[in-house]
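Every read-out reported here was derived from the displayed coordinates using simple, explicitly stated rules and does not represent laboratory data. Since we're looking at a predicted model, the values are computed, not measured. In this analysis, Cβ positions are derived from the backbone assuming ideal geometry, glycine residues included, and neighbour counts consider all displayed protein chains.
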Amino acid sequence: MKVHLITDLEGPAMITSFTQTRDVTPEDKAISMQLLTGEVNSCVDGILDFDANAEVVVWDGHGSGGISLLDFHPAAKFLPHSHIAAPYGLNASFDALFFVGQHAMAGTENAPLCHTYSSKTIEYFKINGVAHGEFGCRAIMAGTMGVPTVFLAGDDKAVAEARALVPRLHGAAVKIGLGRECALSLSPIAARKLIRETAARACADIGNIPPVTVEPPFEQEIRVYEGVSVEGYLSRGFQKIDERTVVKTSGNILELVI
């Protein structure tokens, strides 16, 4: 079995403030990276509980890096965030896509650290008229390769968002969102146990979970916050709808912002 795992730093248990995820507070971020890496390692353990010979490739999806490299699982393989373009090492040879440390999309009520790609610039992403966060965009991307998305660990709002797109998805909710920077978390030990057990069950169910299917062409609409420039998107082939909104249509999802 071959599994691709995408990570982020906002979704693990005990992480409830944006300052915990940014380089401006390096001591706080270092602790957060250890928390995420512990959850990633537990997910890898769960996959290996199901298939001791599984190949697991982990892409660090947090912009400034979220994995504590010295603590990374010895049986997994690692791809850094930088210099890796979409599809982030994913291809049709993988049996499934997993997410660990995932947050909900921007604007989700009571979702801790919710955002869509950038907490400082993006109001929303839409694909073919439907709002999607990072989970949805990348699950659709995986679907174009025939790869099902079967597991997500993160806050309860992220799990709900994922199940709206993948009803049979196996979700490990390691914290309950009470606000954008407030959550009721499991302990790290309890979160890791939940993730390991749920990941193993997800592996057993891979054959019963179809890939996310969205028929091309893909129209992506991006709206930025007030005062944010859209000029960078125009240089990437997007068309301007208004001062805050751009759109692009392509038959290849990798030509969009994914």
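Label sites at Leu69 and Met145, each approximated as a point 7 angstrom past Cα along Cα to Cβ, lie 2.4 nm apart. Footprinting exposure proxy ranking of Thr21, Thr198, fewest other C-beta atoms within 10 angstrom first, gives Thr198, Thr21. Under the convention that each Lys and Arg Cβ holds +1 and each Asp and Glu Cβ holds -1, the size of the dipole of the stretch 1-80 around its Cα centre is about 160 debye. Taking every DSSP beta bridge that has both ends in the stretch 73-224, the antiparallel portion is near 55%. With Cα atoms defining each centre, the stretch 113-169 and the stretch 194-215 are spaced 15 Å apart in the structure. Beta bridges per DSSP, both residues in the chain: antiparallel share near 45 percent.
Among Ser235, Ser119, Ser68, the largest mean-square fluctuation in a Gaussian network model of the chain (Cα springs under 10 Å) belongs to Ser235. Given the alternatives (i) 17.2, 53; (ii) 30.7, 105; (iii) 22.5, 80, Rg and Dmax of the Cα atoms in Å as computed for this entry is given by (i).
Applying both filters, DSSP loop and at most 14 other Cβ atoms within 10 Å, to the trypsin sites (Lys or Arg not before Pro) of the stretch 113-161 gives Lys120.
Nearest-5 percent of antiparallel DSSP beta bridges in the stretch 137-206? Restricted to the stretch 137-206, the bridges split so that about 45 percent are antiparallel. Here is the size of the stretch 1-46 from its Cα atoms: Rg then Dmax, 11.7, 39 Å. If the chain linking Arg244 and Phe78 were pulled fully straight, counting 0.36 nm for each residue of separation and taking away their Cα-Cα distance, it would gain 56.1 nm.
In terms of other Cβ atoms within 10 Å, Arg236, Arg180 run from fewest to most in the order Arg236, Arg180.
Contact order, relative form, for the stretch 107-258: 27 percent (alpha carbon pairs under 8 Å, 6 or more residues apart, mean separation divided by residue count).
Estimated from the Cβ-Cβ distance and a Förster radius of 25 angstrom, the FRET efficiency linking Asp51 and Val257 is about 0.15. Where in the stretch 97-111 does the amide nitrogen come within less than 14 Å of the point 7 Å from the Cα of Val228, taken along Cα to Cβ? Within reach of a label on Val228: 105-108.
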